Amino acid sequence: MSVIVFVLSGAFAMCVPFALAALGELVAEKSGVLNLSVEGMMALSAVMGFMVVAGTGSHVLGLGAGMIAGAGLSVIFAALVLLFRANQVAAGLAVGILGMGLSNLLGRSYEGSSVTALAKIRVPVLSEIPVIGPILFVQDIVVYLTVVLVIVIAWFLYHTKPGLRLRVIGENPETAYALGMHPVAVRLACVAFGGMMAGLAGAYASTILTPVWAQNMIAGRGWVAVALVVFGTWRPIRIALGAYLFGAVGLASLSLQSLGVGVPSQVMSASPYLLTIIVLVVISANSLRIRLNAPMALGQNFSPHG
Amino acid sequence: MHKWTSRILTTLALSVSITGTAFAEPFKIGYLLPNPVSEIGWSSELAAGGRALEEHFGDKVELQMIENLGEGPDSARVMNKMAADGVGMLILGSFAYQQEGVKLAARYPDLKVVHIGGYLQGPNFSTLTPRHYEAAYLCGMASGMATETNSLGVIAAFPLPEVLNIMNAYVLGAQRSNPDIEPVKVIWLNSWFDPANEKASTESFASQSVDVVFSLFPGTPAPVVAAEELGIYVTVTHSDNSRFAPNRHLCAGQLHFGPTLITKVQEAMDGAFQENDIFAGVQDGTIEAAGLGGPLTQAQKDEILAVQEEMRAGTFNPFTGPIAAMDGAEMIAAGAALDDGAIKGMNFLVQGINTNLPK
């Protein structure tokens with residue numbers, strides 16, 4: 001029983017970096033911009049967040065610094081693809097590499113140091129409920145924030161007028177422009193929002209999830225986030241569930257190993273990737289729905305002057 | 001005119017004396033490290049070994065240390081450049097550098113190579129492997145003494161022979177100081193570097209009533225930091241991690257590369273470099289149990305250090321029979337002890353470990 005509680009409650013914190021970064025990427029992609037620099041944005045914001053927490057002791061400032069760093073890097077990317085209309089894949093990879101390099105450079109003198117972790121919040125009364133309480137109501141503040149963000153983003157994209165406009169721009173920017181919308185401005189805002197979310201994810205990973213700085217500590221989580229957007233078929237709730245599943249299966253595989261269950265550890269280590277892909281592929285097996293959800297103009301640049 | 005002549009003469013004399021000192025040119029050493037140097041861990045212990053060289057030899061050596069050097073073509077390029085520039089010795093701190101190191105040592109007769117943590121042999125090439133398992137045995141004793149739940153957990157990367165001998169020694173040490181110890185739990189990370197799972201593994205152990213965690217070849221101090229937070233004890237390889245867990249640090253295998261490297265550099269400077277396969281432990285001053293803390297009483301610490309002294313005297317080998325494998329089969333007969341070759345090639349786990357070894 002304690003193992004199940006451990007896995008289900010721990011999975012929330014484990015999935016936060018994936019969920020935040022993937023949701024940010026989702027918003028950018030829904031507006032038609034494929035930003036492959038998520039890993040670099042997370043790495044840069046992870047080190048910025050860590051430096052600020054190490055210097056000030058404030059996690060709020062650290063997360064804020066991470067968001068600014070992520071947004072800053074994403075604006076460089078936006079300038080390349082929206083202003084100079086560079087190829088989105090190439091520009092994303094290049095900016096991502098820039099972010100990784102800057103992260104390693106800035107983090108040099110912090111290598112191997114640690115900061116204090118952020119205490120978990122015990123929601124009064126609710127956390128006393130057996131099983132459910134420790135799973136849902138003993139989490140850090142960012143976990144709760146993430147849950148709120150998932151709901152707000154899902155509501156915004158599918159139940160508000162600006163959300164509809166955003167999606168139209170991702171489907172067909174020319175038509176949107178002809179109807180009087182501003183594709184470039186909206187895309188800029190979406191990319192910057194994506195950067196901010198990746199920044200929050202990176203700073204969370206380095207200052208709250210594992211409050212230790214080590215070079216390359218993002219370790220591919222940005223790429224998992226990009227993949228989650230695709231496997232979650234561009235639906236926010238599915239992406240969030242995919243991220244949670246990924247975190248839970250990862251923790252379960254560690255717990256089963258320590259219980260001495262007779263499965264080779266390599267299979268266990270691969271299981272989060274395998275299971276998440278299988279589950280998301282199965283729930284999005286309907287190819288019509290994938291075509292409905294994937295933004296038509298994803299990766300295509302738009303010029304208002306033809 | 002006289003003034004000028006004397007000036008020219010002094011200049012000449014000076015330049016002669018400068019060329020004269022060229023005979024005492026420092027011995028150049030290229031020192032390559034795979035990771036950025038921090039205050040603890042593999043690369044930082046190697047860097048400390050470099051500082052020990054500088055302290056010992058002073059101006060007689062010139063150390064060129066390059067940290068955070070990629071393990072692919074990057075390292076090959078740097079090593080080739082250093083060899084071509086005429087360094088007298090290369091000290092290579094990563095497993096992945098050894099192929100290129102053997103090649104260069106064979107190509108340049110004046111170049112001596114010391115590789116740390118490998119297995120290849122060759123002309124002008126020596127390899128140095130620390131006996132991590134000796135300190136692991138001592139830390140195992142500490143863990144057996146400290147645990148109240150009799151439940152220990154090991155976080156390890158890959159099931160390599162070196163990892164298996166360290167894990168076995170740790171468990172044997174724990175069984176020696178605490179016969180009631182339960183089968184030791186193991187999490188294989190299948191990665192050299194995975195801070196999030198290092199931390200999660202520590203938490204997973206804590207949720208299963210493990211109260212001492214052994215972080216075997218840690219990628220980061222994440223397990224140590226997590227243990228302090230969770231209020232369980234932690235032991236670790238490579239470095240004393242007390243600063244990350246002031247209250248919960250139980251024991252660490254502290255490396256000292258200085259003594260062996262000083263010997264090797266001296267050999268090379270004397271033109272008497274030996275091509276050997278060095279397996280250096282407590283006896284050579286290469287490793288020791290450090291940061292003994294937590295709930296250990298002075299008597300318990302003394303007991304651990306007494307075993308360390310037996311190792312130093314060469315009278316105690318942790319792999320002395322009878323020792324049975326996980327399935328109960330006898331691996332080492334009573335009274336027999338494994339030789340270094342068998343320890344380096346270890347391919348079994350001892351009884352009292354609850355995990356699966358890939359076949």
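Just to be sure before I move on: is A:LEU188 more than 14 Å from chain B (Cβ to nearest Cβ) and either open to solvent by less than 10 Å² (accessible area, probe 1.4 Å) or more than 26 Å from A:GLY242 (Cα to Cα) (or both) in the structure I sent? Judged against the criteria, A:LEU188 is a match.
Among the residues of the range A:1-36, those that are open to solvent by less than 10 Å² (accessible area, probe 1.4 Å), out of contact with any Asp or Glu (no Cβ under 9 Å at 6 or more places or on another chain) and outside any helix (DSSP H, G or I) comprise A:SER31, A:VAL33. Being at pLDDT below 90, more than 20 Å from the chain's Cα centre (by Cα) and open to solvent by less than 60 Å² (accessible area, probe 1.4 Å) holds for only one residue in B:GLY88, B:GLY72, B:GLY41, B:GLY58, and it is B:GLY72. If I ask for residues that are away from chain B (no Cβ under 14 Å) and more than 24 Å from the chain's Cα centre (by Cα), which ones from the range A:105-130 would you list? Passing the criteria: A:ARG122, A:VAL123, A:PRO124, A:VAL125, A:LEU126, A:SER127, A:GLU128, A:ILE129, A:PRO130.
Since B:MET167 meets every condition but one in (1) over 23 Å from A:ALA214 (Cα atoms); (2) open to solvent by 10 Å² or more (accessible area, probe 1.4 Å), which condition does it not meet? Condition not satisfied by B:MET167: (2). So, in the range B:37-69, exactly how many residues are acidic (Asp, Glu) and in a helix (DSSP H, G or I)? So the count comes out to 4. Taken as a whole, the range A:228-250 holds no residue that is open to solvent by less than 50 Å² (accessible area, probe 1.4 Å), under 22 Å from A:LEU102 (Cβ atoms) and either within 14 Å of another protein chain (Cβ to nearest Cβ) or touching a Lys or Arg at 6+ places or on another chain (Cβ under 9 Å) (or both).
For the range B:100-143, filtering for residues that are open to solvent by less than 10 Å² (accessible area, probe 1.4 Å), assigned to a helix (DSSP H, G or I) and within 19 Å of B:TYR31 (Cα to Cα) leaves 3.
Any residue in the range B:319-327 that is away from chain A (no Cβ under 14 Å), under 30 Å from A:SER253 (Cβ atoms) and in a loop (DSSP other than H, G, I, E, B)? No.
Among the residues of the range A:251-306, which ones are at pLDDT 85 or above, more than 10 Å from every other protein chain (Cβ to nearest Cβ) and in contact with a Lys or Arg (Cβ under 8 Å, 6 or more places away or on another chain)? Matches in the range A:251-306: A:PRO295, A:ASN301, A:PHE302. Of all residues in the range B:208-217, those being open to solvent by 20 Å² or more (accessible area, probe 1.4 Å) and either more than 14 Å from B:TYR233 (Cα to Cα) or away from chain A (no Cβ under 12 Å) (or both) number 2.
The values are calculated or read from the model by the stated rules, or taken from the named source; none is laboratory data. If you're wondering where the values come from, they're calculated on a predicted model, not measured in any experiment. All Cβ positions, glycine included, derive from the backbone under ideal geometry; neighbour counts span all protein chains shown. Surface accessibility is based on the protein's heavy atoms, side chains included, excluding ligands, DNA and RNA. Shrake-Rupley method; radii C 1.70, N 1.55, O 1.52, S 1.80 Å.
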